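Comments concern the structure below.
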Amino acid sequence: MIDTSAPVYCANHPGVETTLRCNRCNKPICPKCAVRTPTGYRCRECVRGQQKVFVTAQWYDYVIGFLVGGFLSTLASLLVVLVSSITSFFAWIVIAAGAPSVAIGVSEALRFVTRKHRSKPLFTTILVSIFLGALPVVLFELFVLYIWGLIFQGVYLAIAVPIIYYRLSGLRLTQK
């Protein structure tokens, strides 16, 4: 018969008495080691193992995502140059309203070419390619001292980059 009155200690902190156990591996854990999940408390090792299931990116997804992200970013930046040549209040409206739509289009194209594979380094690689794709256009505008173009590029990137990241990573800003 098992003695249930004997104290149980955390597997990671042998000096900490606990009654909490991981709901997956049944390892005793203290509140410092416990990670709250929708299905209960788990140890950090089980949570890490579960997260690895969601990392599906292959090495070639990084290359494809980087190249396609850079190309689409350059196209979008050239489109911003075209819109910024209007230099009126209308240009601000077009950039503010068009940047989210362009960002959604870019992110969906990137999801398509990477076959919806996921990994945080893949998303970071793609975001770097978005900035590097816009860099030639920004440097040209800086070289010719086209201040309005630089401002519009900044506005576009400030709107588009977070949208692209959230769309790729599958994060939702609102709960259903």
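Each value in this text was obtained by applying a stated rule to the coordinates, not by laboratory testing. For clarity, every value in this text was computed on a predicted model and none was experimentally measured. Glycine gets a Cβ as well: all are built from the backbone with ideal geometry, and neighbour counts include every protein chain shown.
Scanning region 104-124 for residues that are part of a helix (DSSP H, G or I) and farther than 14 Å from L72 by Cα yields K120, P121, L122, F123, T124. In summary, T74 fulfils each of the numbered conditions (1) in a loop (DSSP other than H, G, I, E, B); (2) farther than 15 Å from F123 by Cα; (3) not acidic (D, E) with the single exception of condition (1). Residues in region 91-98: is at least one surrounded by fewer than 14 Cβ atoms within 10 Å (Cβ to Cβ), free of Cβ contacts under 8 Å to residues at least 12 places away in the same chain and on the phi < 0 side of the Ramachandran plot? Yes: region 91-98 contains one or more residues that are surrounded by fewer than 14 Cβ atoms within 10 Å (Cβ to Cβ), free of Cβ contacts under 8 Å to residues at least 12 places away in the same chain and on the phi < 0 side of the Ramachandran plot. Can you name every residue in region 63-94 that is among the aromatic types (F, W, Y) and under 14 Å from I130 (Cβ atoms)? Residues satisfying the conditions are F66, F71. When you scan region 24-49, how many residues do you find that are surrounded by 15 or more Cβ atoms within 10 Å (Cβ to Cβ) and in a loop (DSSP other than H, G, I, E, B)? Looking only at that region, the number is 7.
Do we have any residue at all in region 56-68 that's of a type outside the set (K, R), surrounded by fewer than 17 Cβ atoms within 10 Å (Cβ to Cβ) and either over 22 Å from the mean Cα position of the chain (by Cα) or in a loop (DSSP other than H, G, I, E, B) (or both)? Yes, that holds for at least one residue.
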